[in-house]
Amino acid sequence: MKYIDLRSDTVTKPSPEMRAAMAEAEVGDDVYGEDPTVNMLQETVASLLGKEDALFTPSGLMANQIAIKAQTNPGDEVIVEAQSHIYNYETAAAAVLSNVLLRPIEGRYGIVTSQQVKSALRLPVYYNPKTTLICLENTHNKAGGTVFPLDVLKDIYSIAQKHDIRVHMDGARLWNASVATGISVKEYARYADTITVCFSKGLGAPIGSALVGTKEIIEKARIYRKMFGGGMRQVGIIAAGALYALKYHRDELAHDHEKIRWLANALQNVKTISIDQNTVQTNILVMEVTKNGITAEEIAQKLKKEGVLLSVMSTTTIRAVAHRDVTMDDVQLAGEIIKKILLE
Ligand code: TLP
């Protein structure tokens, strides 16, 4: 059966043109810093985000965890949003790899306010944990692809600087935030010390993320990437896919936003689905399915039988993610099938 796969934007496959660029990539040993294509990717990303340096990593998770490791000491406290990827979907890696205390703060639509951050600051007493890092997510996955407002980000960054706290932005989908708002990724990056960006989600590269920051932090990050088993050799083949995606696929993310907007509108009046239209900002749609006595998992199974794949986010919510490998026609057909299953 051919599925319409809306589980995630991670499912995209490299196009023939991207594969050709990968096949032609010049390579070298990146553990020696000698892969010209990786070096070009790192320079390109650092410059796009207006930071001194960047480090290519095999995954977004690794980039986030290296950022935490490089900016904390064991026993430190890291403020995270309660629904964030770092807190929910990273195998408790921060506790294991960095020995830090994650302090979750519940945001609205995944956005914590500067007031919440202020209230979370601890008195500098020796028996209190020392807060050294705040992690924010832009766009916010679990909240439905919501964009972090720039003014809130600015306020949080200024509070953090006053208290000698670093800010890390999990910008796995920062490209989407930028396309949706017209605010450059560089402008968002001004208000974070380190940023994770990802090439293998909406941009359509097969593998890879990057961590961006000062030379000093990236130097430390390189040590931890190696420690975590992420030192790669002739990886320019992969970096070439990322470079291709950055050059040709970024602007196309707007189409994915249109597809999700269409789906959200089409399902708005289905009485067994609840959609908060405020969350419909980019390429993700999180829907509460309220059909009596049926779990989200069972609904996802029924949809699968009809050829539509969605991901289950909780017992009552499912997620559809638009990406470059599904067309508007696919999404419209999926919309009809979702309606049919939820109304039957
Ligand atoms: N998110 C995946 C799943 O893990 C949930 C998805 O399908 O959306 N930050 C954010 C905000 C993410 O959404 C993800 C992946 C990551 C980090 C981790 O990236 P990878 O999968 O490259 O380790």
Selection from region 253-280 of residues open to solvent by less than 70 Å² (accessible area, probe 1.4 Å) and outside any helix (DSSP H, G or I) yields VAL270, THR272, ILE273, SER274, ILE275, ASP276, VAL280
Checking MET328 against (1) over 18 Å from ARG173 (Cβ atoms); (2) within 21 Å of the chain's Cα centre (by Cα), only one condition comes out false. Which one?
(2)
Checking the condition under 21 Å from ARG7 (Cβ atoms), within 16 Å of the ligand (Cβ to nearest atom) and not assigned by TED's automatic domain parsing to the domain that holds ILE111, which residue from ASP256, ASP276 passes?
ASP256
When every residue in region 1-20 that is assigned to a helix (DSSP H, G or I) and not hydrophobic (A, V, I, L, M, F, W, C) is compared, the one most open to solvent (accessible area, probe 1.4 Å) is ARG19
With touching a strand residue (DSSP E or B) at 6+ places or on another chain (Cβ under 8 Å), assigned by TED's automatic domain parsing to the domain that holds PHE228 and more than 23 Å from THR132 (Cβ to Cβ) as the only criterion, which of ASP30, ASP76 stands out?
ASP30
Top-ranked residue in region 156-188 [being more than 16 Å from the ligand (Cβ to nearest atom) and open to solvent by less than 10 Å² (accessible area, probe 1.4 Å); ranked as nearest to the chain's Cα centre (by Cα)]:
ILE156
Is it the case that THR196 is in the same structural domain as LEU121 (by TED's automatic domain parsing) and surrounded by fewer than 24 Cβ atoms within 10 Å (Cβ to Cβ)?
no
Take the residues of region 96-125 that are within 17 Å of ASN138 (Cβ to Cβ) and assigned to a helix (DSSP H, G or I): which is least open to solvent (accessible area, probe 1.4 Å)?
VAL117
For the structure I just gave you, tell me whether LYS291 is open to solvent by 60 Å² or more (accessible area, probe 1.4 Å), among the basic types (Lys, Arg) and either in contact with a Phe, Trp or Tyr (Cβ under 9 Å, 6 or more places away or on another chain) or in a loop (DSSP other than H, G, I, E, B) (or both).
no
Between residues in region 59-78 that are open to solvent by 10 Å² or more (accessible area, probe 1.4 Å) and residues that are within 15 Å of the ligand (Cβ to nearest atom) and of a type in the set (Asp, Glu), which pairs lie under 8 Å by C-beta distance while being six or more apart or on different chains?
GLY60/ASP170; LEU61/GLU90
For region 199-251, how many residues meet the condition of being crowded, with 23+ Cβ neighbours inside 10 Å and among the basic types (Lys, Arg)?
2
Residue check: is LEU203 away from the ligand (no atom under 11 Å from the Cβ) and part of a strand (DSSP E or B)?
no
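Let's see how each residue does on (1) closer than 23 Å to ALA189 by Cα; (2) assigned to a helix (DSSP H, G or I); (3) β-branched (Val, Ile, Thr):
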| position | (1), (2), (3) |
| --- | --- |
| MET22 | no, yes, no |
| GLU26 | no, no, no |
| VAL31 | no, yes, yes |
| GLU43 | yes, yes, no |
| PHE56 | yes, no, no |
| LEU61 | yes, yes, no |
| ASN73 | no, no, no |
| VAL78 | yes, no, yes |
| GLN83 | yes, no, no |
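The values are calculated or read from the model by the stated rules, or taken from the named source; none is laboratory data. Note that the coordinates shown come from a computational prediction; the quantities given were computed from them, not determined experimentally. With ideal geometry, Cβ positions are generated from the backbone for all residues, glycine too; neighbour counts draw on all protein chains shown. Side chains are part of the model used for accessible areas, which takes the heavy atoms of the whole protein and leaves out ligands, DNA and RNA. Shrake-Rupley method; radii C 1.70, N 1.55, O 1.52, S 1.80 Å.
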